1. So, in nm, how far is label Leu29 from label Val171 when the simple model puts each one 7 Å beyond its Cα toward the Cβ?
2. Ignoring ligands, DNA and RNA, what percent of the 1.4 Å accessible area of the range 85-164 is carbon and sulfur?
3. Just to verify a number: what accessible area does Ile58 come out at with the full protein assembly present, 1.4 Å probe, Å² rounded to tens?
4. At 1.4 Å probe size, with every protein chain present, just tell me what the per residue accessible area of the range 85-164 comes to in Å².
5. Starting from the residue with the highest accessible area, list His32, His138 in decreasing order, probe 1.4 Å.
Amino acid sequence: MTPPIEESARKTFAAGLFFLLLAGAGWLLLRHSITLFSGNQMPGDPGPFFLSQLCLTILAGAGLLLLVIGSWSWAREARQHRHTGAIVNTVREWSLSAGFVLTLLVMPAAMRLLGTPAAVALFSIGWIYILLVSISGHSWRNLIEAAAFGMATAAFIHLFFVRLLTLPLPV
């Protein structure tokens, strides 16, 4: 089990990263908006985007501060609790998330190669089975439930997105 201080440090780090990403997305949107209204300046007026720039700067500063605090706390805890078990637990905790992200990155190529319904079915069956196994262990019932859910998901995606909405997804 992860110590509460280390978990708190991770949450602080994650919140800081989220705020920085949110501020970055806001700056990109604001930059696009400023170019749309670039000819509407009055003398002495800070502009209609001053408050937005101020808020995004404060948000980025808070995100950076949380990121530094989280990194510092996490590093301090790592120095105090350096043992192989903690490293193995950390890898185990992050492996599902990393695997999910990797399969999402492979998904567009699988959709082009296999078609949307087959790729969605494989993705759903695999991940539902992995999650069921992590909860209750290996069993035929988990495999049957994952297969049923995967096939239903593939049918729904095909009927709703390909047939009804006529999106140009690979078939």
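1. About 3.6 nm separates the two model spin labels.
2. Of the solvent-accessible surface of the range 85-164, carbon and sulfur hold 79 percent.
3. Here the residue's solvent-accessible area equals roughly 110 Å².
4. Heavy-atom accessible area per residue stands at 67 Å².
5. His138, His32
The values are calculated or read from the model by the stated rules, or taken from the named source; none is laboratory data. Everything numeric here is computed off the predicted structure, so don't read it as measured data. Glycine also receives a Cβ, built like all others from the backbone with ideal geometry; neighbour counts cover every protein chain displayed. For accessibility, only protein heavy atoms count, side chains too; no ligands or nucleic acids. Shrake-Rupley method; radii C 1.70, N 1.55, O 1.52, S 1.80 Å.
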